[in-house]
1. Does the range B:1-66 come out rounded, prolate or oblate, given a ≥ b ≥ c as the square roots of the eigenvalues of its C-alpha gyration tensor, rounded meaning a/c under 1.5 and, failing that, prolate meaning a/b above b/c?
2. Rounded to the nearest whole Å³, what is the per residue volume of the convex hull around the Cα atoms of the range B:85-160?
3. Expressed as an acute angle from 0 to 90° and rounded to the nearest 10, what is the orientation of the C-alpha long axis of helix B:390-405 relative to the principal long axis of chain B?
4. Please sort B:24-33, B:243-252, A:42-51 by packing, taking for each peptide the average over its residues of neighbouring beta carbons within 10 angstrom, highest first.
5. Quick check for me: using +1 on Lys/Arg Cβ and -1 on Asp/Glu Cβ, what's the dipole size of chain B about its Cα centre, in debye to the nearest 20?
6. Net charge near B:THR287: determine it from the other residues with C-beta under 14 Å of the C-beta of B:THR287, scoring Lys and Arg +1 and Asp and Glu -1.
7. When all C-alpha to C-alpha distances in the range B:382-440 are sorted into bins of 10 Å, what percent of pairs does each bin hold, rounded to whole numbers?
8. I need the shape label for the range B:574-634. Rule: rounded when a/c is under 1.5, else prolate if a/b > b/c, else oblate, with a, b, c from the alpha carbon gyration tensor.
Amino acid sequence: MPVSYYIILASTLFCIGVAGVLTRRNAIIIFMCVELMLNAVNLLLVAFSKMQNIATPPGGVIVNGADAQIFVFFIMVVAAAEVSVGLAIIVMMYRNVHSIDINFLNRLKN
Amino acid sequence: MNALVLCIPLLPFLGFLIVGLFRNKLSRTMSGILASGFIGISFILTLVIFFSHYYSANAITYFDFISNSQYNISFSFQVDQLSTLFMLIITGVGFLIHVYSTAYMREEPPEHFARYFAYLNLFVFSMLLLVLGANYVIMFIGWEGVGICSYLLIGFWFKNNQFNYAARKAFIMNRIGDVGFLLAIFWILTKFGSADYSVVFSNSSTLSVADVTGITILLFVGAIGKSAQIPLYTWLPDAMAGPTPVSALIHAATMVTAGIYMIARSNVLFSMSPVTMDIVAVIGLATAILAATIALFQNDIKKVLAYSTVSQLGFMFVALGVGAYTTGVFHVMTHSFFKALLFLGAGSVIHAMGGEQDITKMGGLRKKIPITYWTFLIAVLAISGFPFTSGFVSKDEILMAAYAHSQPLFWLTTFAAVLTALYMFRVFMLVFLGGFRGSEEQQHHLHESPPAMTIPLIILAVLAAVGGFVQLPEIFGGHDYFNEFLAPVVPAFKHVGESLAVQEYYLLAGTVVGLLIIFLLCKKWYAVKQFEGKYTGIKNVLAHKWYIDELYDAIIVNPFNNIAGFLKSIVEKSGIDGIVNGVGRFIQYSSRQVRLVQSGMVGNYILIMVLSITVLFMVFWNQDLIIGFLQKIF
Amino acid sequence: MDITTIIFWFLSVLALFSAIMVVTRKNPIFSVLWLIVVFFAISGHYLLLNAQFLAVVNIIVYAGAIMVLFLFVVMMMNLDNLPVVNKNTWMKFLGVISGGLLLCILVSTSKSATDMNLKTIVLKDGDIGLIENLGKVLFTKYALPFEISSILFLSAMVGAVVIGKKES
């Protein structure tokens, strides 16, 4: 599988996520599009990990390309932590303003 | 010796600095002593120079003032007979007036008293600079300096707005004349590459007729402004707003004679231009007659003397205009004696009357203020040309020179002399003879002035009486010492023909008879108890100064004020202020608009972020293209 | 066309279609469900690449825990009657354009990277995706980040609790 296929696939998923972030007004949906972007990146990383390790040297476990997959693992760790805190913020915002429309959060105005 | 010469103007300048800077700390006595002392020392130094005959045609150079590739103007003094003579007059009469002022200005608070003397010293310094300068530029520096000091001194009592207007008027009219002077200096610099007298006068033959006529006319314009001739004379009567000693020093003895000095100094140039000489003579004559007619009907004692000054200056210019340079200078000297005496005497009268200047309210002061009476009488006789007074000698010389030049000039000048005697005797009679016309309390207040005021009067009276003997015509047993003294610098008038003696006798006889008639007439008309001082018809026009001031106001002053007002409100307020404020307002407006970018909406921010990243990527990955493109443009 | 390629294309199309569904649905619950489908598709890709561990972890953590959390919050918000405020179609347009622009740039860049054109991805083979190998690398070479991530979780928990507390 040529690597460019994976690159295009991941880029498209990423850009769909970007379009979602820019287009939607619901804070939760935006958050989910961010998760979508993260997953696109994960996919690409895993693909690259397989790209490096083309030939298996004789005897012994091959662990070279595993860095990328470890990285993906940690990305998932961070995403989980981020989701918990982010959702807590959204809940608190809903409690105060009774709406999760991001256009209502214009306290940074002027 | 050169250092001594430098000290002469430097001491009054020092006096100005000391008295001026410490005016809050010095007492009145100290200020008076310091200021008069400095002038006194300058006078003694001038006497030293005079008696040691330290004259030379070479200038004493101190340092380079302006020097570039085209011109070299150095700060140098020219100590020759003409400048020494003027220095004597300035420091001598100046010293007497300083002493007089210590008593006259006694009622001023100490700071203002000190300020007065500081200004007076500055004036003497500027005037000395004017006469000592060895080139036209230094003369101009002194010229401007005396202009400034006259402004400061006329407006001395600055709380009165009328006085400020008078001071402003004097300064502005001076400036109008100065434009002519400056243009003449530029012309001279262009033609000769230097403004030094020695260079200009020795190379004067290289000038074309048009050049020399232009230069001399422009120089004369400067003299018109400074010496109050037609049309720039209306400032002098208004300048009587200043204290009387100021009028004596500035407007009788020194500043107004700066124009005469300048023309006498430039006699080489003027002699080359007959056109200018005629103009000078005509304007001088017209001024003399005009001012004399106005003086006949003035009721303020100082205004009479002011118009008298204008008229006498006209006489001097007549003398210069016919080529009698030494005569003009001689009349300067005698005029400074008797005019200063007249003004100081008037000051004494005003002091005795407690500030009253209207002669309709004076009269019969003869018995109350005798010293003033006698000195004033001597001055009146001198100015009228009573035989053997200084005024007689100088005026006769002028008349004789005028006669030799042209007959009509002679008769018109004689007419002006008759008018002079008329108005002087009128004032004399109205003030000192007849009955007292003032109020009761003024009558009680009458007293003789203190010695500080009467001693200068006496000294000046002596000078006015005998000052003519340096130039007494040979018919009467004298010798023209004065002409001889000035000969290296200023030429005298050359009389041709042998009828000089006859003319002199006729003049003497005519003078005696005329004076007798005028004396009796004035005694009959003016030595009276009742005098209203109101005039009708033609006399009213003369009393209102031919309405010349009103004419100037309508033609020149009001249009200028209107233009200035227009410029202020339209150009300045709306235009320039508008632009300056507009810049500020524009920035405020644009910042308000730019502030709207921060809408507070997160979606907008993310959009801008994404777009920026896009642009960044595009630029980053197409670097070469973009750099090549930019290089093509720049 | 062997089976691997067919599976690859199927999974890709599924992922893309689901992603577009996520972005465009009005009802947030549908968005959440479509996102779960996306995760499944991506896990399928991981399996294709023999990254077994990551495939499973993806399902457990992302689809299982994170999305369920999202569902909790969405349902708690009770967002059926979302007040429809002024829809700025111009902004939507701009957003889509920006995304498309970004896509164009990324794709064009990848196309212009000539040394990548020859590399290929090895599917189905390889040992590095196995959980045993991954674990060896994780606990030897990356032991420190592993420990630090536990602290990260601690702070996240504390943060979530603090933020979510009701003002008493």
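1. Details: a/c = 5.30, a/b = 1.76, b/c = 3.00.
Note, shape of the range B:1-66 comes out oblate.
2. Taking the convex hull of the Cα positions in the range B:85-160, it is 75 Å³ per residue.
3. Relative to chain B, helix B:390-405 is tipped by roughly 80 degrees.
4. Ranked from most to least packed, the peptides come out as B:243-252, A:42-51, B:24-33.
5. Here chain B has a charge dipole of around 1580 debye.
6. Here the count lands on +2.
7. 22, 39, 22, 12, 5, 1
8. Note, shape of the range B:574-634 comes out oblate.
Coordinate-derived values only; no laboratory data. Quantities reported herein were computed from a predicted structural model and do not represent experimental measurements. Ideal geometry is used to build each Cβ from the backbone, glycine not excepted, and the neighbour counts take in all protein chains shown.
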